[in-house]
Amino acid sequence: MLQAGFARVDVTPPMGSPVDGYFKDRVARGILDPIELNAIAFSDGEKRAVMITGDFLGIEIFHVTNIKEHVTRQTGLKNEEIFISATHSHTSVFVRENPAKNLPQEYINMLYRKFADAAQMALSDLADATLYTAQKETAAPIGFVRRYRLSDGRVATNPGAAVLPLVTGRCDESDNTVRILRFCREGKKDITLLNFSTHPDVISGEYYSADWPGFARRFVEAEHPDTHCLQFTGTEGDSNHVDFLKPEEERFPHGRGYAHSRYMGRMR
């Protein structure tokens, strides 16, 4: 019998930490919404596994290795039963090994423990579950391939004003499919796992935010209070939220930044 469990932990870094994701230095000056770990655990009665996603730009393998060691010690899970990922939010930190841009060591120590706590809590929440799947296109495209063909034969990524007049079309079309796994559980909240592929690089600035994946989680839970929600970002290196084929004044009818991230989080 399939079992599933859920856990969520707030791991918002301290103010003044480096906010990665652009070609300029930024430091955190505030919080728009919390940076979280979301975990889902599985068991078939014999084997167990846990998947944990963090609202970070990324997590380098050095830290992933250490995180897995902490999870193993606390839960007894094997290394191959632990899966660590990041949503790639550009309004969060990059948990990197490079000491020149590292986070405070006390935060790293806390983060290791919080990953282990999230895994333990998700395993403790295991309950019999029935799995359902669904997928649907968003009502309007919210992800766009960000590589564009130019009339002179070149390809430009996120074309700026200087080359925008040369754009003849996108190199490809994005997948605007929302994929859902729902684990229905007796006596406990269901667990909804979302998967969608486009860059969480909508808000910008120097305030922590999980960007549209955070909105997606909160909207699902608000509209379906009987479920926990977590989101895993699909392959999104070549996609973002801007349709450069539209005139600039038509690209963000719902507002820029946080407002557009909110719109995307509803995945309309």
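Restricting to the range 202-229, count the residues that are of a type in the set (Ser, Thr, Tyr), within 16 Å of the chain's Cα centre (by Cα) and either more than 13 Å from Gly265 (Cα to Cα) or open to solvent by 40 Å² or more (accessible area, probe 1.4 Å) (or both).
2
Among residues belonging to the range 187-225 that are among the basic types (Lys, Arg) and not in a loop (DSSP other than H, G, I, E, B), point out the one that is farthest from Thr133 (Cα to Cα).
Result: Arg218.
For the range 215-230, state whether one or more residues are of a type in the set (Gly, Ala, Ser) and within 20 Å of Leu57 (Cβ to Cβ). Working first, answer last.
First, pick out the residues of the range 215-230 that are of a type in the set (Gly, Ala, Ser): 216, 222.
From what is left, the residues that are within 20 Å of Leu57 (Cβ to Cβ) are 216.
Scanning the range 215-230 turns up at least one residue that is of a type in the set (Gly, Ala, Ser) and within 20 Å of Leu57 (Cβ to Cβ).
Out of the range 142-201, which residues are open to solvent by 70 Å² or more (accessible area, probe 1.4 Å), more than 24 Å from the chain's Cα centre (by Cα) and without any contact (Cβ under 8 Å) to a residue 40 or more places away in the chain?
Arg149, Ser151, Asp152, Arg154, Val155, Ala161, Ala162, Pro165, Thr168 - these are the residues of the range 142-201 that are open to solvent by 70 Å² or more (accessible area, probe 1.4 Å), more than 24 Å from the chain's Cα centre (by Cα) and without any contact (Cβ under 8 Å) to a residue 40 or more places away in the chain.
Mind checking which strands (runs of 3 or more DSSP E) fall wholly inside the range 137-186 and carry at least 2 residues that are out of contact with any Cys (no Cβ under 7 Å at 6 or more places or on another chain)?
Values: elements: 147-150, 155-157, 167-170, 177-185.
The strands (runs of 3 or more DSSP E) meeting that bar are 155-157, 167-170, 177-185.
Being within 20 Å of the chain's Cα centre (by Cα) and either within 17 Å of Ala4 (Cβ to Cβ) or surrounded by 20 or more Cβ atoms within 10 Å (Cβ to Cβ) (or both): is that true of Ile61 here?
Answer is no for this residue.
The values are calculated or read from the model by the stated rules, or taken from the named source; none is laboratory data. Keep in mind it's a predicted model, so treat the numbers as computed, not measured. Heads up, the Cβs are rebuilt from the backbone with ideal geometry, glycines too, and the neighbour counts pull from every protein chain shown. These accessible areas exclude ligands, DNA and RNA; they are computed on the full protein's heavy atoms, side chains included. Shrake-Rupley method; radii C 1.70, N 1.55, O 1.52, S 1.80 Å.
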